[in-house]
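In what follows, a single structure is set out as structure tokens and then discussed.
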Amino acid sequence: MRHIRVVALAMLARCLTAFFGGYALTALVATLVARILPIARVDATVWAMIPGFLFYALVGLWSFHEPRLTRVAGAVWGGAVVAGLAVWLLGVRP
């Protein structure tokens, strides 16, 4: 019975990381790409968001494919923190 609870909590953590962490990572990477692209702001936003849908799907699929939860959580949440820090350091686009 205890083993089932541990497995269920691990699956819950994996689901939360895939859904919410994947969304955070995708949104921040799309923001970073839109900030870096040397085109008009509207065009940069569109060009950054379109591949974001595929990126989010790939992050979600990888989150359930990778056997080690620590690697998934570190990559997804760590990537989101790094991308968020880069967006914050770059500041608002002129």
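The values are calculated or read from the model by the stated rules, or taken from the named source; none is laboratory data. In this text the structure is predicted, and so the values were computed from the model without any measurement. Counting neighbours? That spans all protein chains shown, and the Cβs are built from the backbone with ideal geometry, glycine included. The area values use the complete protein model at the heavy-atom level, side chains included, leaving out ligands, DNA and RNA. Shrake-Rupley method; radii C 1.70, N 1.55, O 1.52, S 1.80 Å.
Of note:
- Integer Hz, Karplus 6.51/-1.76/1.60 couplings in order for region 70-76, x for Gly and Pro: 5, 5, 5, 5, x, 5, 6
- Total formal charge among the other residues, if their Cβ is under 12 angstrom from that of V87, Lys/Arg +1 and Asp/Glu -1: +2
- Between L54 and A8, the modelled labels are 3.9 nm apart [label points 7 Å from Cα along Cα→Cβ].
- Environment charge of R41, counting only residues whose C-beta is closer than 15 Å and scoring Lys/Arg +1, Asp/Glu -1: +1
- Heavy-atom surface of the chain, accessible at 1.4 Å and reported per residue (Å²): 71
- Ranked by the mean number of other Cβ atoms within 10 Å per residue, highest first, peptides 80-90, 6-16 order as 80-90, 6-16.
- For region 1-70, averaging the sequence separation of C-alpha pairs within contact (under 8 Å, six or more residues apart) and dividing by the residue count gives a relative contact order of 38 percent.
- Global geometry of the chain, whether rounded, prolate or oblate, following the gyration tensor of its Cα atoms and the 1.5 cut on a/c: prolate
- 14 Å beta-carbon shell around V59, net charge (K/R +1, D/E -1): +1
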